[in-house]
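Just so it is clear, none of the values below were taken in a lab; they were calculated from the coordinates. If you're wondering where the values come from, they're calculated on a predicted model, not measured in any experiment. With ideal geometry, Cβ positions are generated from the backbone for all residues, glycine too; neighbour counts draw on all protein chains shown.
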Amino acid sequence: MIVEDQIELVKSIQSYLTNEGYICEYAYDYNTALEKLSVYEYDCIVLDINLPDGSGLNLIPIVTRKNNKTGIIILSANQELNDKIDGLEKGADDYLTKPFHLAELNARLKSIIRRKKHDGKNEILVNEISVNLDSKSVYIDEIELKLTKKEYELLLFFLSNRNRVLTKNAICEYIYGDFIDQLDSFDFIYSHIKNLRKKLLNAGCDDYLKTIYGVGYKFNVS
């Protein structure tokens, strides 16, 4: 989520990161960000300090209490050194001084997400499945798997939460974020999961993806 009151900057960041494969949401003020944080979980939050209705610094302990795997990057102006230090002490992971290059923001996001969710590795290995997080390539043993963007996101979500039951709502929120409210049904998710499972099996992968009837799915790996 991008928490920033400069609308043009938000649009620029969102456009760039969407092209890089991220699902981006935004909040232009403190209260909207607080509301979203009470409903959704995020891999990382890009957080401006000075918001029109509150300090972004006050959101940091709220985020860290809810989920210590959510990364936080502070956006600050040159003269806000004390705020940067305060933010890092409250639990932020990194900061960028405005103006900044979007490529640098992307690099720092990747680093934080790797460290928080994947123990600092750029590759996930689960039995015969290997995923390179930088190139977004997936292999089943030596066979490269060609996945759509949504199928790749689903696989990453399942691997990051293996052996846990994931509800249909949790999967939809991860894949569609705020846009979940616009979905008439879960049919799109069913279709993506069905196609992902078929591609995994056709490549010789064991059948790890189990349906938990009435609840959701579990990527069951011993």
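Please arrange Asp207, Asp48, Asp93 by how many other C-beta atoms lie within 10 Å of their C-beta, fewest to most.
Working: Asp207 9, Asp48 24, Asp93 20.
By the 10 Å Cβ count, ascending: Asp207, Asp93, Asp48.
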**Asked** Which residue fluctuates the most in the chain, going by a Gaussian network model with Cα springs under 10 Å, if the choices are Asn58, Asn19, Asn169?
**Response** Asn19
**Message:** Helix 149-160 against the longest principal axis of the chain: what's the angle in degrees, Cα atoms only, rounded to the nearest 10?
**Reply:** 90
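Suppose R0 equals 35 Å. What FRET efficiency, 1/(1 + (r/R0)^6) with r the Cβ-Cβ distance, do Thr97 and Leu201 give to the nearest 0.05? Walk me through the numbers before you get to the answer.
Working: r = 49 Å, r/R0 = 1.39.
The value I calculate is 0.10.
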**Message:** With angles folded into 0 to 90 degrees, how steeply does helix 30-39 sit against the dominant principal axis of the chain? Use alpha carbons for both and round to 10.
**Reply:** 20
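What's the magnitude of the charge dipole for the chain around its Cα centre, counting Lys and Arg as +1 and Asp and Glu as -1 at the beta-carbon? Answer in Debye, nearest 20. List each step's numbers first, then the result.
Numbers: 28 positive and 34 negative charges, 178 e Å.
Result for the chain is approximately 860 debye, rounded to the nearest 20.
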**Fill in**
Scalar couplings 3J(HN,Hα) for the range 103-109 by Karplus 6.51 cos²θ - 1.76 cosθ + 1.60 (θ = phi - 60°), nearest whole Hz, x for Gly and Pro, are 5, 5, 4, 4, 4, 6, 4
**Asked** Which value results when the Cα radius of gyration for the range 58-133 is divided by 2.2 N^0.38 Å?
**Response** 1.29
**Prompt:** Using modelled backbone amide H atoms (1.01 Å from N, in-plane), which distant-in-sequence or interchain residues come within less than 5 Å of Lys98's amide H?
**Reply:** Ser76, Ala77, Asn78
**Prompt:** Can you list the HN-Hα couplings for the range 205-222, worked out from phi with the Karplus curve (6.51, -1.76, 1.60; θ = phi - 60°), rounded to whole Hz and with x for Gly and Pro?
**Reply:** 6, 5, 8, 7, 7, 10, 8, 9, 4, x, 10, x, 9, 9, 8, 8, 10, 7
**Message:** What does the C-alpha gyration tensor say about the overall shape of the range 2-117? Classify as rounded when a/c is under 1.5, otherwise prolate if a/b is larger than b/c, or oblate.
**Reply:** rounded
**Request:** Write down Rg/Rh for the chain, rounded to two decimals, with Rg from the C-alpha atoms and Rh from the Kirkwood relation over Cα pairs.
**Result:** 0.99
**Request:** Would you list which lysines come within 18 Å of Lys90, measuring only between C-alpha atoms, while excluding same-chain residues fewer than 8 positions from it?
**Result:** Lys66, Lys69, Lys116
**Message:** Angle check, please: helix 187-202 long axis (alpha carbons) against the longest principal axis of the chain (alpha carbons), in degrees 0 to 90, nearest 10.
**Reply:** 60
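Explain nothing, just the number: relative contact order of the range 123-219, from Cα pairs under 8 Å at least 6 residues apart, as a whole percent. Mind showing how you got there, number by number?
On the way: 102 pairs, mean separation 28.6, N = 97.
Computed value for the range 123-219: 29 percent relative contact order.
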**Item:** Calculated FRET efficiency for the pair Tyr139/Asp5, C-beta based, R₀ 35 Å, to 0.05
**Value:** 0.25
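Can you sort Val10, Val221, Val39 so the residue with the fewest Cβ neighbours within 10 Å comes first? Write out the running numbers ahead of the final one.
Values: Val10 19, Val221 13, Val39 9.
Least crowded to most crowded, the residues run Val39, Val221, Val10.
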